[in-house]
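Laboratory data are not the source of any read-out in this text; all were calculated from the coordinates shown. A quick note: this is a predicted structure, and the numbers were derived from the prediction, not measured. When we count neighbours, we look across all protein chains shown, and the Cβ atoms used for this are built from the backbone with ideal geometry, even at glycine.
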């Protein structure tokens with residue numbers, strides 16, 4: 001298994017933004033299941049993933065599939081009292097850092113709860129006003 005993928009499994013559940021940031025390419029692209037725009041850049045993506053890690057509970061990776069630069073990490077977690085399963089689709093760059101990170105999840109009801117929880121969090125994080133302007 002690629003060392004970045006191994007390290008990611010260790011740090012994602014900790015929701016430590018600084019540890020996540022180290023794994024991301026400077027121009028990383030992140031496509032969440034709750035938002036139609038792509039987040040781009042190490043700082044905003046690390047911030048989003050840090051918040052997600054605090055919203056998810058009982059998070060664990062169930063299976064890891066992939067080779068080389070392309071990986072799929074199947075996970076399960078809870079958002080509040082709702083169960084979810086999902087897959088992190090990750091592509092690494094030539095330096096072994098995460099270049100693209102797309103998350104697909106189910107069921108729909110849990111994604112709605114995740115969206116609501118994330119909106120509440122980012123509304124109180126001043127960094128997201130700056131990040132949102134960059135997305136526009």
Cα shape, region 41-116, gyration tensor, a/c 1.5 rule: oblate
Full-stretch length increase - residue 27, residue 1 - with 0.36 nm per residue and alpha-carbon distance subtracted: 7.0 nm
Candidates 25, 46, 120, ranked by Gaussian network fluctuation over the chain, Cα under 10 Å, top entry: 120
Pair residue 38, residue 9: separation of 7 Å Cα→Cβ label points (nm): 2.8 nm
At R0 = 25 Å, FRET efficiency that the Cβ-Cβ distance of residue 115 and residue 74 yields, to 0.05: 0.75
Relative frequency of Cα-Cα separations exceeding 21 Å in the chain, percent: 36 percent
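Rounded to the nearest 500, what is the chain's calculated 222 nm mean residue ellipticity when only DSSP H runs of at least 4 contribute -39500 (n - 2.57) each, over all residues?
Working: 5 runs with 53 residues, N = 136.
Helix contribution divided over all residues of the chain: -11500 deg cm²/dmol.
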Extension gain, residue 127 back to residue 85 (0.36 nm per residue minus Cα-Cα distance, nm): 12.2 nm
